[in-house]
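Notes follow the structure.
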Amino acid sequence: MMLSCQDITEVITDYIEGRMSMGNRLKFHMHLGMCKHCRRYLRQMRQTIRLSASLPRAPAPAQVHDELMRRFKNWKN
């Protein structure tokens, strides 16, 4: 079965991180071979990862940290 564009967006992180089975990787490549939009999406994801890695690592301000902790404390799946 072929992967859809939505399938690609759901598994792209697994693909980039090398956590995809050979069969699914083949399906992924087959879809990319026919879909210029997903090829573009993959390039954008890789570029985003590269650019994010080059950002300086600065701790969040205490106010932001406290607010995030408050929100996540009561978060339910």
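Below are the figures for this structure:
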read-out	value
Approximate shape of region 37-77 as ellipsoid semi-axes (Cα gyration tensor, √5λ), whole Å, largest first	30, 17, 5
Model label zone, Ala53; criterion: amide N under 17 Å from point 7 Å along Cα-to-beta-carbon; scope region 13-29	13-19
Nearest 10 degrees, 0 to 90: helix 5-16 Cα axis against the chain principal axis	70 degrees
Cysteines without a disulfide-compatible neighbour (Cβ-Cβ under 4.7 Å), the chain	Cys5
Between helix 22-34 and the chain: long-axis angle, C-alpha atoms, 0 to 90°, nearest 10	80 degrees
In region 45-77, the trypsin sites (Lys or Arg not before Pro) that fall in loop regions by DSSP, at most 15 other Cβ within 10 Å	Arg57, Lys76
In degrees, nearest ten, helix 62-73 long axis to first principal axis of the chain (Cα)	60 degrees
Those GluC sites (Glu not before Pro) in region 1-69 that DSSP places in a loop and that have at most 14 other beta carbons within 10 Å	Glu17
Among [x] 7.5; [y] 6.2; [z] 5.2, the entry derived from the coordinates for mean projected area of the Cα convex hull in nm²	[x]
Whole-Å distance, taken between Cα centres, linking region 51-77 and region 20-42	33 Å
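Throughout, read-outs are computed from the coordinates displayed, never taken from laboratory work. All of these numbers come straight from a predicted model, not from anything done at the bench. So basically every Cβ, Gly included, is an ideal-geometry build from the backbone, and we count neighbours across all protein chains shown.
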